[in-house]
Amino acid sequence: MNVNDTRITRRFDALKAEGRSGLVVFVTSGDPDYDTSVEILNGLADAGADLIELGMPFSDPMADGPAIQVSSQRALKNGQTLTKTIQSVRDYRTRDNDTPIILMGYYNPIYAYGVDAFLGDATEAGIDGLIIVDLPPEEERELCLPAIEAGVNFIYLTAPTTNEERLPRVLAHASGFIYYVSITGITGAGSATSADIAAQLDRIRAQSDLPIAVGFGITTPEKAADIASVADAAVVGSAVVKIIADNLDDDGKAKPGLADKVLGFVGELAAGVRGAAK
Amino acid sequence: MSNLNTYRAGADEDGHFGIFGGRYVAETLMPLILDLEKAYAKYKDDPEFTDELSYYLKHYVGRPSPLYFAQRLTEHLGGAKVYFKRDELNHTGAHKINSTMGQILLANRMGKKRIIAETGAGQHGVATATVCALFGLECVVYMGATDIERQAPNVFRMKLLGAKVVPVTSGTGTLKDAMNEALRDWVTNVENTYYLIGTVAGPHPYPTMVRDFQCVIGDEAKEQMDEAESRLPDTLVAAIGGGSNAMGLFHPFLDDPTVDIIGVEAAGHGLDTDMHCASLTGGRPGVLHGNRTFLLQDDDGQIYDGHSISAGLDYPGIGPEHSWLHESGRVNYVSVTDKEALDAFQLCSRLEGIIPALEPAHALAHVAKIAPDLPKDHLIIMNLCGRGDKDVFAVAEHLGVTL
């Protein structure tokens, strides 16, 4: 398996040919319940998501802000497991074999599942990439490198604190794209300006030809467009799952039309990103 | 038991104790952890640093703490000679300050002006607020909303000491969530903030560094036992939540093969229920809060909360070095229920005039189980790592007494 020819690399090549940036949409698998989350997942590509980040809910999401924390809790409360998350991708692939899906989350559920079993099931189900927040390069031996062997793009995160000295280590095994965390902080917190981000991206581009997606704190179509003007893709997560939170009844159940509301917002984000000058 | 030359060499350069430990943190934090590792390596043997730490431990904390022969308790149990290592006599009433003092001196040298900490029972929060007051540093303590309710006196103490106590409602509102929230703060305030972790857990170098600062307990005990009995003790017993007091007592004795070492976890309502927090006896290895260690978790790898009558033991994990010592067989880990700890709490109060914290009451409960069957020349050291003032309200409630 070759990590340089995957749904992810093909999608970024296509975006480049189109001359525009991409939209990466994050949703938590199983939020607010399995069926509704599948309905959302199935509609994301048509709504304009170029890549999908599917959150694997975890009880202790240390790098996430309140929106994604409660999103994980809703999913877990309704019985979401890693097995179900993988199954939802397996089902998805019967209808769309092109849109890249990247699982995002924390290491422990995968460790509990077993790394070999996980990589086997994930590749068979059609999962293209992994973003594991608590596996920095220092801990890349047990999952990241085997994932690359299995043909899965392990997406490395870089942050404002990743200095010049450290950057080569972070980029050493990067493939697919690089995820630039635009702020020091948690998901959903305030964002950096596109000028600041552009300077940081130049720093990374000096050392890598991979596309760069920028995430953390992108909450509106305008902001997404702003980021898309300097990055190869903009990632939106907290603002999307907030729409889910806003469309629950008093018992925490999905109100009718929840998925359409989420997908409507994704459409606005996509319009913003597609209209961005690049 | 494996045949190692030493049990005292860990962690390795990547922060691992066997498969345990490590640095499972977000990239944003990684450079900070590497900085901390460098700073600790630079100062830990620097005479100016160690002299300053010794000065404050002696004149401010009140070290050395006595090694006290518990004569009445020994007579009552009718077997082994029981000694208490009296870290409950430290300023702030527990062993926690051994490490907060060391870490605050390090934070000073690193130029950090803002200190954050997590706390469960509030002892580590109080010890952190204390050293921050001493050195005039801003202090923010994250504490689960549930714990704030059950530990009101310690919350007030922290506030008196000038700390800001932030209630954590995310997750289940207990110690593990407080630690998550402290990590979220740290990842946001990377420039000026030092995260002062309270136990031998978290990403490398914390487990090693906190252990080193707590080793003053075992180093003193070894010397004091030699003075009292002209030999090594036969058995060490200490309670374990995250495991810092136990590691502090145990570590200096790990390479003395005649010394039997026992860690006591909290069995809560019993290991056959889901109301306990015995990570080693009731959990399995996983990754949380920056390290791999034994954790209470379900089949899907979701962490669940422990339960113990002692808020200080109420953590779903344990320091990674304990996990390694457990797997290697060097330390024997057992557990004690709420009920047994409550009995020991009362026994110690009546026989020795010492009201212990509920944490060491767990250790004492195990001592009470084994001492009667041991010979009279068998020497036990139990780490009396905290005083019980903070627990009197909770104990009264459990005993059905209205104050």
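The values are calculated or read from the model by the stated rules, or taken from the named source; none is laboratory data. Every value quoted in this text rests on a predicted model; they were computed, and no experiment measured them. When we count neighbours, we look across all protein chains shown, and the Cβ atoms used for this are built from the backbone with ideal geometry, even at glycine.
Observations on the structure shown:
- Within region B:92-115, the only residue that satisfies the criterion of being free of Cβ contacts under 8 Å to residues at least 40 places away in the same chain and outside any helix (DSSP H, G or I) is B:G111.
- Selection count, region A:85-117, where residues are within 14 Å of another protein chain (Cβ to nearest Cβ) and not in a strand (DSSP E or B): 14
- Residue count for region B:224-266, restricted to those that are under 30 Å from B:T174 (Cβ atoms) and surrounded by fewer than 19 Cβ atoms within 10 Å (Cβ to Cβ): 0
- Condition met for B:A107 (within 17 Å of B:A363 (Cα to Cα), buried (at least 19 other Cβ atoms within 10 Å of the Cβ) and modelled with pLDDT of 95 or more): no
- Filter result for A:G176 (at positive phi, more than 11 Å from chain B (Cβ to nearest Cβ) and buried (at least 21 other Cβ atoms within 10 Å of the Cβ)): yes
- Qualifying residue in region B:11-19 (condition: modelled with pLDDT under 95 and not acidic (D, E)): yes
- Filtered by the rule that a residue be out of contact with any helix residue (DSSP H, G or I) (no Cβ under 8 Å at 6 or more places or on another chain) and surrounded by 23 or more Cβ atoms within 10 Å (Cβ to Cβ), region A:222-270 gives a lone residue, A:V235.
- Check on B:F20, away from chain A (no Cβ under 14 Å) and under 30 Å from B:L295 (Cα atoms): no
- Looking across region B:62-99, the residues that are among the hydrophobic types (A, V, I, L, M, F, W, C) and over 17 Å from the mean Cα position of the chain (by Cα) come down to B:L67, B:F69, B:A70, B:L73, B:L77, B:A80, B:V82.
- Output for region B:35-51, where each listed residue is surrounded by fewer than 19 Cβ atoms within 10 Å (Cβ to Cβ) and within 14 Å of another protein chain (Cβ to nearest Cβ): B:D35, B:K38
- Checking B:R184, B:R231 one by one, the residue that is over 29 Å from A:S182 (Cα atoms), out of contact with any helix residue (DSSP H, G or I) (no Cβ under 6 Å at 6 or more places or on another chain) and of a type in the set (D, E, K, R) is B:R231 and no other.
- Any hit, region A:59-67, residues being surrounded by fewer than 24 Cβ atoms within 10 Å (Cβ to Cβ) and not in a loop (DSSP other than H, G, I, E, B): yes
- Whichever residue in region B:4-17 is in contact (Cβ under 8 Å) with a residue 24 or more places away in the chain and surrounded by fewer than 19 Cβ atoms within 10 Å (Cβ to Cβ) and, among such residues, is nearest to the other protein chains (Cβ to nearest Cβ): B:D14
- Flag for B:G290 being surrounded by 24 or more Cβ atoms within 10 Å (Cβ to Cβ), facing another protein chain (nearest Cβ under 10 Å) and not polar (S, T, N, Q): yes
- Within region B:116-160, if we keep just the residues that are under 18 Å from the mean Cα position of the chain (by Cα) and in a loop (DSSP other than H, G, I, E, B), the residue that is nearest to B:L57 (Cα to Cα) turns out to be B:G122.
- Checking B:E397, B:E352 one by one, the residue that is surrounded by fewer than 24 Cβ atoms within 10 Å (Cβ to Cβ), more than 19 Å from the chain's Cα centre (by Cα) and closer than 21 Å to B:L67 by Cα is B:E352 and no other.
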